[in-house]
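The values are calculated or read from the model by the stated rules, or taken from the named source; none is laboratory data. In this text the structure is predicted, and so the values were computed from the model without any measurement. Glycine also receives a Cβ, built like all others from the backbone with ideal geometry; neighbour counts cover every protein chain displayed.
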Amino acid sequence: MSTDTNTAIHVAIVGGGITGVILALGLEKRGVSYTLFERAPAFTEIGAGIGFSPNAERALKVVDPKVHELYKKVTTSTGEEEFFTWVNGNENNEIIASLPIGVDAFQGGRRSEFLEAWSTLIPSAKVKFSKEIESLLQKDDGKVTLKFKDGSLDEADIVIGCDGIRSRVRQLTLGEANPASYPRYSKKFCFRALLPMGKAREVLGEARTLSRFMYTGLDAHAITYPVAGGALLNVLFVVTDVNPWLLERHTAPGTRGEVVDLFSGWHSSIRGLVDLLPEKLDKWAIFDMYDYPAPYYNLGSVALAGDAAHASGPHLGSGAGFGIEDGLVLATVLKAADEEVEARQSGKNKTQICRDALAAYNTVRYDRDQWLPGATRESVELFHWRHKEVGSKDHEKFLERAHHLFHTIWDNDIDEMVKTAALEFKDVVFKQSQPSLYGSRISQ
């Protein structure tokens, strides 16, 4: 049991991507002690562009208004009502459906720009770089020992794995022999790039470069939207693949010629966009956690968040947003736990209170998070004209289904989510019996 040698809890955040950074900023704002461990030598993020859905932006405001202010500085305002617009890119380049989003309600940019901006709010003393997690040990006194591949050790009351789709913390939590510890190939891969806006407008026309467009077709689709203050067009070409992905890495060398061949039968506008791609580019295999979902996110004093918990494909543009929601709920319950450790109104010790906080987080987030990978797979079937109920020609049903999927994400009541998290923690911490999944040790 915990020796309670001090009152304040200390949180170890494993992973300095968007989810880990947002969690750190939420704890920073709320005065909860933490250390962020990142395996890279600096804050970095793979990938070209990223979009943040309306629910994600609302959550950023609650995490910390300063976080939202920096978000707005990185993004570019259009000042006009925006839409998700779907185009028949396979045949005639005509619009088939349009879904209103709002004014500046779904903005994006380069991943690295957001991380660079947000990381300025994290004190340097609270970050340790070049730290790749190797093992965890939950000790009898309630502390968790973290061992890193460089041989160094650290300790915390709580560990949150924000270490992405190939999460080591997930493996240690669920078991290295458990298939749920590893992502699976979704039978989709993509090519992505940032194109000079001037060249892109010559191909698509100005109107098609001002907001988000998706070009749908049989077994493939393409997405375009402006980033970098309108100087660049982010493009993503997604293709259905009947073959297994045999490489250990999720990326492989690709060429423009491959994309040319894959989209050779498409409308001339899409073929022209493909011609703007660099000669060499990466092919990204799209993995997710749909086939073997995590049965829970918390085990003892360890929990998973973001892609480490519920990685999904990019097709609904919501992976980062769900990670932000995870970070906000965690910051909420960990602040409540920190206050309860000092007040001791429940009569429980620090270890029990910390684990109660993670149990509350699991209850609040699990169902919504686990919906996303399946919904994302459904969406790509819709975009690739393979949806069993919609097919390729029923545009009314297409919009109806797209509306349901996107608004299930966008309409999440963030304030209510935070209130629910705080109440759930109180319900759990004042129960006499401890929640399940209180194992004291996990894989080393």
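Points to keep in mind about this one:
- Single condition Arg201 does not satisfy, out of (1) free of Cβ contacts under 8 Å to residues at least 40 places away in the same chain; (2) crowded, with 17+ Cβ neighbours inside 10 Å: (2)
- Residue in the range 331-346 that is modelled with pLDDT under 95 and polar (S, T, N, Q) present: yes
- Subset of the range 253-307 [touching an Asp or Glu at 6+ places or on another chain (Cβ under 7 Å), of a type in the set (Gly, Ala, Ser) and not in a loop (DSSP other than H, G, I, E, B)]: Gly254
- Yes/no for Ser181 being closer than 24 Å to Thr376 by Cα and in contact with a strand residue (DSSP E or B) (Cβ under 7 Å, 6 or more places away or on another chain): no
- Looking only at the range 383-400, and only at residues there that are surrounded by 17 or more Cβ atoms within 10 Å (Cβ to Cβ) and without any contact (Cβ under 8 Å) to a residue 60 or more places away in the chain, the one that is farthest from Leu316 (Cα to Cα): Val390
- Looking only at the range 190-219, residues that are in a strand (DSSP E or B) and touching a Ser or Thr at 6+ places or on another chain (Cβ under 9 Å) come to 7 in all.
- Restricted to the range 147-167, and to residues there that are surrounded by 23 or more Cβ atoms within 10 Å (Cβ to Cβ) and among the aliphatic types (A, V, I, L, M), the residue that is farthest from Phe287 (Cα to Cα) is Ala156.
- The range 55-79, residues that are modelled with pLDDT of 95 or more and either assigned to a strand (DSSP E or B) or not charged (D, E, K, R) (or both): Asn55, Ala56, Ala59, Leu60, Val62, Val63, Pro65, Val67, His68, Leu70, Tyr71
- Look at (1) within 17 Å of His384 (Cβ to Cβ); (2) β-branched (Val, Ile, Thr); (3) in contact with an Asp or Glu (Cβ under 8 Å, 6 or more places away or on another chain) and you find that Val242 fails only one, number (3).
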